[in-house]
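The values are calculated or read from the model by the stated rules, or taken from the named source; none is laboratory data. What you see is a predicted model; the values in this text were computed from it and never measured. Counting neighbours? That spans all protein chains shown, and the Cβs are built from the backbone with ideal geometry, glycine included.
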């Protein structure tokens, strides 16, 4: 079947098994593996259901909630997150909630990720990342972190409904 492909607006053969043109499939695959951006954090958080956002510490510091519970916060500079060389407070720290201390430890210990923690967050089920380092994650990885943050803070009913609607096929 020949039709116009959404990815490159060219006439393409859609008779493959997926019903999509191969160029479109390649574009989607590339999008998932591209480096994440700060804009993606906002877009992905707002794409989750029942999310509200407010700006308690200023226009640049969004706080995302589900059912009134925070799951992502853009922090203001604080004395617990500083540059080890200069002592200057980081001004781009993002807090992501996690489901367990084990999840937190796994993310923080994985040297391939930008996640870290500070003593202030000992015993708190969350990880920190600098916005300037979010590109060290792929869009797919960031999507998983944000969905997991939402899932661990959403009500059990909302989490069940979301998981049922997004079960792998």
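Scanning segment 136-167 for residues that are part of a loop (DSSP other than H, G, I, E, B) and in contact (Cβ under 8 Å) with a residue 40 or more places away in the chain turns up 137, 154, 155.
The single condition among (1) surrounded by 15 or more Cβ atoms within 10 Å (Cβ to Cβ); (2) at pLDDT 95 or above; (3) part of a loop (DSSP other than H, G, I, E, B) that residue 65 does not meet is (3). Among residues of segment 117-135 being within 12 Å of the chain's Cα centre (by Cα) and in a helix (DSSP H, G or I), the one that is farthest from residue 80 (Cα to Cα) is 135. Residues of segment 15-43 that are assigned to a helix (DSSP H, G or I), modelled with pLDDT of 95 or more and either in contact with a strand residue (DSSP E or B) (Cβ under 9 Å, 6 or more places away or on another chain) or over 21 Å from residue 97 (Cα atoms) (or both): 38, 41, 42.
Taking the conditions (1) at pLDDT below 95; (2) crowded, with 17+ Cβ neighbours inside 10 Å in turn, residue 167 satisfies each one other than (2). For segment 68-85, filtered to residues that are over 16 Å from the mean Cα position of the chain (by Cα) and outside any loop (DSSP other than H, G, I, E, B), the residue that is modelled with the lowest pLDDT is 82.
The set of residues in segment 44-62 that are in a helix (DSSP H, G or I) and surrounded by fewer than 15 Cβ atoms within 10 Å (Cβ to Cβ) comprises 46, 47.
For every residue, the table says whether it meets (1) surrounded by 13 or more Cβ atoms within 10 Å (Cβ to Cβ); (2) closer than 21 Å to residue 62 by Cβ.
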site: 87; (1), (2): no, no
site: 93; (1), (2): yes, yes
site: 109; (1), (2): no, no
site: 120; (1), (2): no, yes
site: 134; (1), (2): yes, yes
site: 142; (1), (2): yes, yes
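Out of the residues in segment 98-111 that are part of a loop (DSSP other than H, G, I, E, B) and over 16 Å from the mean Cα position of the chain (by Cα), state the one that is farthest from residue 145 (Cα to Cα). Spell out how you get there, then give the answer.
The first filter runs over segment 98-111 and keeps only residues part of a loop (DSSP other than H, G, I, E, B), leaving 98-100, 110-111.
Checking the rest, the ones that are also over 16 Å from the mean Cα position of the chain (by Cα) come to 100, 110-111.
Values: 100: 13, 110: 14, 111: 16 Å.
Out of the qualifying residues, it is 111.
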